[in-house]
């Protein structure tokens, strides 16, 4: 396996396509952050596959738009800084990735500015020539008030964040194996 995943292009055209695809996929997370922070929900949901699953029972961009509209009214201001991004190609039209993010959330109802570190575990799919998020899974190290010292798991799944999160580093499949 190469550092770009299990799929190995066999022609020059396929190699060029993978390079262009990597560039397109790497635009998705920062555009997601910009959509969240600017509250451009239409631009945000356009980054997702048209039939994206929303929760356990709903599907589609309209359902996703309703969910994000509600979720993004909870914090007044958000700041998402995207950093490390690893992409693995499974074939010419499917890839997965891990994206690191630092986020800050203004909570006027509590007077807090929360700071957090998180990861998105993504699945990407090319649909009609455009790369989209097929799925995003949300994991956190912590989410705390800016005046608190972060501790492992602090603020995760306490109800202050609209997304339930897998707890890092325990969510890594390799974590438990390493410590055995």
Looking only at segment 63-74, decide whether some residue is within 20 Å of residue 44 (Cβ to Cβ), in contact with a strand residue (DSSP E or B) (Cβ under 9 Å, 6 or more places away or on another chain), modelled with pLDDT of 95 or more and surrounded by fewer than 16 Cβ atoms within 10 Å (Cβ to Cβ). yes
Matching residues in segment 133-145 - criterion: being within 25 Å of residue 23 (Cβ to Cβ) and crowded, with 20+ Cβ neighbours inside 10 Å: 133
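Take the residues in segment 117-131 that are in contact with a strand residue (DSSP E or B) (Cβ under 9 Å, 6 or more places away or on another chain) and either surrounded by fewer than 20 Cβ atoms within 10 Å (Cβ to Cβ) or modelled with pLDDT under 95 (or both), then tell me which one is nearest to residue 168 (Cα to Cα).
Residue satisfying both the conditions and the ranking: 117.
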Filter segment 137-168 for residues that are under 18 Å from residue 122 (Cβ atoms) and either part of a loop (DSSP other than H, G, I, E, B) or over 16 Å from the mean Cα position of the chain (by Cα) (or both); the one that is modelled with the lowest pLDDT is 163
Yes or no: residue 86 free of Cβ contacts under 8 Å to residues at least 60 places away in the same chain, surrounded by fewer than 15 Cβ atoms within 10 Å (Cβ to Cβ) and under 25 Å from residue 14 (Cβ atoms)? yes
I'd like to verify a number: residues in segment 47-62 that are loosely packed, with under 14 Cβ neighbours inside 10 Å and in a helix (DSSP H, G or I), how many? 1
All but one of (1) surrounded by 18 or more Cβ atoms within 10 Å (Cβ to Cβ); (2) within 19 Å of residue 162 (Cβ to Cβ) hold for residue 40, so report the exception by its number. (1)
Selected residue (only one of 9, 29 is surrounded by 12 or more Cβ atoms within 10 Å (Cβ to Cβ) and touching a helix residue (DSSP H, G or I) at 6+ places or on another chain (Cβ under 6 Å)): 9
Check whether at least one residue in segment 28-46 is on the phi > 0 side of the Ramachandran plot, in a loop (DSSP other than H, G, I, E, B) and within 17 Å of the chain's Cα centre (by Cα), and report yes or no. yes
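The values are calculated or read from the model by the stated rules, or taken from the named source; none is laboratory data. From a predicted model like this one, the values you see are computed outputs, not experimental measurements. Virtual Cβ from ideal backbone geometry, glycine too; neighbours counted across all protein chains shown.
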